[in-house]
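The values are calculated or read from the model by the stated rules, or taken from the named source; none is laboratory data. Note that this is a predicted model, so its numbers are computed, not measured. All Cβ positions, even for glycine, are placed from backbone atoms using ideal geometry, and neighbour counts span all protein chains on display.
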Amino acid sequence: MIEVRGVRKWIEHLDRRVEILRGIDLSIPAGQFVAIVGASGSGKSTLLGLLAGLDTPSEGEILLDNSPIHSLDEGALARIRGRKLGFVFQSYQLIPTLTALENVLLPFELNAWGDGIERARSLLRQVGLEQRMDHYPVQLSGGEQQRVALARAFIMDPPIVMADEPTGNLDSANGNRVLDLLLRRNRDAGTTLVLVTHDPQIAALAHRRITLRDGRIVEDVQTIRDEQPALERL
């Protein structure tokens, strides 16, 4: 589902080159839940952004479901992201002038035909926000905003979902609820899930744990995970 070949990322500053990723090779099969871990500055979020096509590598190749995204223009890249990928940001990234329902519906309106409003409403009910559909982000708590962001990530039923510290700004109850929704999606729909986290308890729930240090993969291990929901384990 995801192939990374010899990926490097650097930035140029004056006469210096700052290396962020130093040669990443990685293959993630369909349906796998992968946790990417490592200290701050190790390159986790940069790697996730490259996998999602939110940034381009300085060198190397990235393929999503056999589509090479590293060399596409923004229009083609947006179309692939719209069909294949749902992304959950740590900071939610909701549009403040749209209601919860409108935020969830937006990717459908941009990437699909027909009327997706019933699907958007169904997803908001699934995340427990049936009474908050007409509220704007400023009227929602952090946990509610993150659940709107989850519903938005699921609206196109993407085969891949990526999340950058999706519980990092939440209290434990809301964090567990968000994590449980992601895990259920991985289990029930076979969605490939790639999640960046600092939390070793969350990483322990993954099928596979990849550790970055100084822009390199220093550990890539398969883990043993039962199917018990996250809310019962944390």
If we keep just the residues of region 112-126 that are surrounded by fewer than 22 Cβ atoms within 10 Å (Cβ to Cβ) and either of a type in the set (A, V, I, L, M, F, W, C) or touching a Lys or Arg at 6+ places or on another chain (Cβ under 6 Å) (or both), which is farthest from residue 173 (Cα to Cα)? 113
Quick one: in region 86-105, which of the residues that are within 13 Å of residue 151 (Cα to Cα) and aliphatic (A, V, I, L, M) is surrounded by the most Cβ atoms within 10 Å (Cβ to Cβ)? 104
When region 9-18 is examined, which residues are found to be part of a strand (DSSP E or B) and surrounded by fewer than 16 Cβ atoms within 10 Å (Cβ to Cβ)? 11, 12, 13, 16, 17, 18
Here is a check on your reading of the model: is residue 83 in contact with a strand residue (DSSP E or B) (Cβ under 8 Å, 6 or more places away or on another chain), assigned to a helix (DSSP H, G or I), touching a residue at least 60 places away in the same chain (Cβ under 8 Å) and of a type in the set (D, E, K, R)? no
Residue pairs qualifying under the 7 Å Cβ cut-off, at least six apart or on distinct chains, with the first in region 139-168 being closer than 15 Å to residue 105 by Cα and the second being charged (D, E, K, R), are 154/185; 155/119; 156/83; 158/84
Which numbered condition trips up residue 42, out of (1) buried (at least 17 other Cβ atoms within 10 Å of the Cβ); (2) touching a residue at least 60 places away in the same chain (Cβ under 8 Å); (3) outside any loop (DSSP other than H, G, I, E, B)? (3)
Can you tell me which residue among 170, 195, 212 is buried (at least 18 other Cβ atoms within 10 Å of the Cβ), modelled with pLDDT under 90 and closer than 19 Å to residue 45 by Cα? 170
Any residue in region 111-133 that is touching a residue at least 24 places away in the same chain (Cβ under 8 Å), within 15 Å of residue 96 (Cβ to Cβ), of a type in the set (Gly, Ala, Ser) and assigned to a helix (DSSP H, G or I)? no
Being touching a residue at least 60 places away in the same chain (Cβ under 8 Å), of a type in the set (Gly, Ala, Ser) and at negative phi narrows it down to one of 27, 91, so name that one. 91
